[in-house]
Amino acid sequence: MSRRFPWVLASVPWSDQTCFTRGTWHGKPLFSHNIADRSVLATERQLKAMGKRPGQDPCAFLYFRCRKAGKLVFANLYLIEKAKPKRPMTPARWESHRKMMAARRTCRACGETGWAELPKAHRTCEACLYTAGLDPGSYLHDYLVGEPTLTPEDHAALAA
């Protein structure tokens, strides 16, 4: 039985020595788990933990099998020496982030801002969905028991 990515002794661009790889993928060296040199290469998350950002195209790839999904996952590897420092969050960037998150929590029907992000499909709060009439397949039917105490007109009058 042959391997999908067999071992290959190849030269790599960041070193003058040859090292074991799993061949190439998209024209760049491919490494498996615990094979890439951690003092030279890092993933985006590892760079972020170091306070850096990639700043260049990936120079290699890392692959591993995700047991939960049952498929191969490929991650980009970057040279640590070419990584740039992370950009700091300025007060203006924080303000734009706050506005963006508030827009995700604001109901499009009544305009109220809640504490949780509303569903992307309709961005409507549960009260407005109930007032407008629920779809037959809506998950809110599981939580509604008995007859509503307010008519849609009474509910709209309360919201105004």
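How many of the residues in segment 41-99 are of a type in the set (Lys, Arg) and touching a residue at least 60 places away in the same chain (Cβ under 8 Å)?
Within segment 41-99, residues that are of a type in the set (Lys, Arg) and touching a residue at least 60 places away in the same chain (Cβ under 8 Å) number 0.
Say we look at segment 54-84 and pick out the residues that are open to solvent by 70 Å² or more (accessible area, probe 1.4 Å) and under 21 Å from the mean Cα position of the chain (by Cα); which of these is farthest from His33 (Cα to Cα)?
The qualifying residue farthest from His33 (Cα to Cα) is Asp57.
Tell me the residue from Trp7, Trp14 that is in contact with a strand residue (DSSP E or B) (Cβ under 8 Å, 6 or more places away or on another chain), open to solvent by less than 70 Å² (accessible area, probe 1.4 Å), more than 18 Å from Pro85 (Cβ to Cβ) and not acidic (Asp, Glu), please.
Numbers: Trp7 fails: open to solvent by less than 70 Å² (accessible area, probe 1.4 Å).
Trp14 is the lone residue from the list that is in contact with a strand residue (DSSP E or B) (Cβ under 8 Å, 6 or more places away or on another chain), open to solvent by less than 70 Å² (accessible area, probe 1.4 Å), more than 18 Å from Pro85 (Cβ to Cβ) and not acidic (Asp, Glu).
Scan segment 1-25 residue by residue and report those that are within 14 Å of Ile35 (Cβ to Cβ), more than 31 Å from the chain's Cα centre (by Cα) and among the polar types (S, T, N, Q).
Within segment 1-25, Ser15, Thr18 meet the criteria.
If you check Pro119 against the conditions, is it assigned to a loop (DSSP other than H, G, I, E, B) and modelled with pLDDT of 80 or more?
Spelling it out, Pro119 is indeed assigned to a loop (DSSP other than H, G, I, E, B) and modelled with pLDDT of 80 or more.
If Thr90 satisfies every condition in (1) surrounded by 10 or more Cβ atoms within 10 Å (Cβ to Cβ); (2) more than 23 Å from Gly23 (Cβ to Cβ); (3) among the polar types (S, T, N, Q) but one, which is the exception?
(1)
The values are calculated or read from the model by the stated rules, or taken from the named source; none is laboratory data. Given the structure is predicted, the values throughout are model-derived calculations rather than measurements. Positions of Cβ are backbone-derived with ideal geometry, glycine not excepted, and every protein chain shown enters the neighbour counts. Only protein heavy atoms, including side chains, enter the accessible area calculation; ligands, DNA and RNA are left aside. Shrake-Rupley method; radii C 1.70, N 1.55, O 1.52, S 1.80 Å.
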